[in-house]
1. So if I check each of S104, S117, which one is in a strand (DSSP E or B) and without any contact (Cβ under 8 Å) to a residue 12 or more places away in the chain?
2. Restricting to the range 60-74, count the residues that are part of a loop (DSSP other than H, G, I, E, B) and surrounded by 12 or more Cβ atoms within 10 Å (Cβ to Cβ).
3. When the residues of the range 40-59 are narrowed to those that are touching a residue at least 12 places away in the same chain (Cβ under 8 Å) and open to solvent by 30 Å² or more (accessible area, probe 1.4 Å), which ends up nearest to P24 (Cα to Cα)?
4. Kindly indicate whether S71 is free of Cβ contacts under 8 Å to residues at least 24 places away in the same chain and closer than 22 Å to A119 by Cβ.
5. Of all the residues that make up the range 11-31, how many are open to solvent by 10 Å² or more (accessible area, probe 1.4 Å) and either aliphatic (A, V, I, L, M) or out of contact with any Asp or Glu (no Cβ under 6 Å at 6 or more places or on another chain) (or both)?
6. Might you check whether a residue that is out of contact with any helix residue (DSSP H, G or I) (no Cβ under 8 Å at 6 or more places or on another chain), among the β-branched types (V, I, T) and without any contact (Cβ under 8 Å) to a residue 60 or more places away in the chain occurs anywhere in the range 7-27?
7. For the range 36-56, name all the residues that are over 20 Å from G15 (Cα atoms) and assigned to a strand (DSSP E or B).
8. Just need a number here: residues in the range 74-85 that are of a type in the set (S, T, Y) and touching a residue at least 24 places away in the same chain (Cβ under 8 Å).
Amino acid sequence: MTTAPNIHATAIMVGRTGLLFSGPSGWGKSMLAFTCMTEARRLGLFTALVADDQVLLSKEAGTVIAACPPSIAGLIELRGTGIVRQDHIPRAPMHYAVLPGSASGEDRVPPEGEVVSLAAGFSLPALRLLTGVSSPLAILMAKAPDIGH
């Protein structure tokens, strides 16, 4: 049996769409994911935390699956606030990787169809997002209208 890669990321579900927030430490993955879950609840959409900080990856029928180590199930760290509990599910399919965007320069407009490698053999379509935006889920849904459905 092979060990599932454990990556530093935050995974959530919005509707039936899995979003995996991946980026450097301090980027704000947890806060962006939490804000997206809060927005989803306000829109009446199902949302749940899969894992924060440590995400175990596997594949089933070519689909990337995110899972949570049992010791941190339902917990998300909101930097400067502390650890809070959230509705959670133990595992879910992931559909998009949400990555840091660039506000200026040549990377300001990311390439269409961008795909990111998360670990050896694991890749997802990428969506770029700046930190500090007031409605991150609305921005993600504008780029990928299938989110939440």
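1. Values: S104 fails: in a strand (DSSP E or B).
Result of the check over S104, S117: S117.
2. Within the range 60-74, the first condition is being part of a loop (DSSP other than H, G, I, E, B), and the residues that meet it are 61-62, 68-69, 73-74.
Subsequent filtering for residues that are surrounded by 12 or more Cβ atoms within 10 Å (Cβ to Cβ) retains 68-69, 73-74.
Total meeting the criteria: 4.
3. Of all residues in the range 40-59, those touching a residue at least 12 places away in the same chain (Cβ under 8 Å) come to 40, 43, 45-59.
Those left that are additionally open to solvent by 30 Å² or more (accessible area, probe 1.4 Å): 43, 45-46, 53-54, 56, 58-59.
Values: L43: 29, L45: 28, F46: 28, D53: 11, Q54: 13, L56: 17, S58: 22, K59: 24 Å.
My answer is D53.
4. Details: free of Cβ contacts under 8 Å to residues at least 24 places away in the same chain: yes; closer than 22 Å to A119 by Cβ: yes.
The answer is yes for S71.
5. First pass over the range 11-31, keeping only residues open to solvent by 10 Å² or more (accessible area, probe 1.4 Å): 13, 15-16, 22-31.
After this cut, where a residue has to be either aliphatic (A, V, I, L, M) or out of contact with any Asp or Glu (no Cβ under 6 Å at 6 or more places or on another chain) (or both) as well, the list is 13, 15-16, 22-29, 31.
Here the count works out to 12.
6. no
7. Answer for the range 36-56, where residues must be over 20 Å from G15 (Cα atoms) and assigned to a strand (DSSP E or B): just L56.
8. From the range 74-85, those of a type in the set (S, T, Y) are 81; that's our starting set.
From what's left, touching a residue at least 24 places away in the same chain (Cβ under 8 Å): none.
Within the range 74-85, residues that are of a type in the set (S, T, Y) and touching a residue at least 24 places away in the same chain (Cβ under 8 Å) number 0.
The values are calculated or read from the model by the stated rules, or taken from the named source; none is laboratory data. Bear in mind that the values here come from a model prediction, so they are computed numbers and not experimental data. Quick reminder, even Gly has a Cβ in these numbers, built from the backbone with ideal geometry, and neighbours come from all protein chains shown. What goes into the accessible areas is simple: the full protein's heavy atoms, side chains included, and nothing from ligands, DNA or RNA. Shrake-Rupley method; radii C 1.70, N 1.55, O 1.52, S 1.80 Å.
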